[in-house]
Amino acid sequence: IDYTLFLLSRYLEDSKDKNEAIRTTVQNAGLVVLLSGLTLMCTFLGLCFLPLQMLKSVGIGAAISIASSLLVNLTVVPALLHTRLGNWIVRKEPDHEAIPQEEL
């Protein structure tokens, strides 16, 4: 959930059009999410070197769940943002500073 919220917050911060915002989000925040997930996977896989069988099982299970979370967040979330469902999930307000104000 944290990775998804991070990606969506970066998407909302971008004031460009929808496609460019998704591309920038995946290029910048996607790299951070990928490196963070890989670090966690390596950490949990390190539990496999401990002598307790229970910790080995926990390490493998946690690494698999993090890998699936990375897969979803780096593929499905950007794809959903391109669809109408993405428009319903995240309503991106137009940039009000880009609209010139009329003088009264």
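The values are calculated or read from the model by the stated rules, or taken from the named source; none is laboratory data. Just so you know, these numbers come straight off a predicted model, no measurement behind them. With ligands, DNA and RNA removed, areas are computed over all heavy atoms of the protein, side chains included. Shrake-Rupley method; radii C 1.70, N 1.55, O 1.52, S 1.80 Å.
What the table below lists for this structure:
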quantity: Cα-based convex hull volume of region 1-55 per residue, rounded to whole Å³; calculated: 69 Å³
quantity: With DNA, RNA and ligands ignored, accessible area of residue 43 (1.4 Å probe; Å², nearest 10); calculated: 90 Å²
quantity: Rounded to the nearest 10 Å², the accessible area of residue 9 at probe 1.4 Å; calculated: 50 Å²
quantity: Heavy-atom surface of region 28-90, accessible at 1.4 Å and reported per residue (Å²); calculated: 64 Å²
quantity: Pairwise Cα inverse-distance average, inverted: Kirkwood Rh of region 28-90 (Å); calculated: 13.1 Å
quantity: Region 28-90 - percent of accessible surface contributed by carbon and sulfur, probe 1.4 Å; calculated: 78 percent
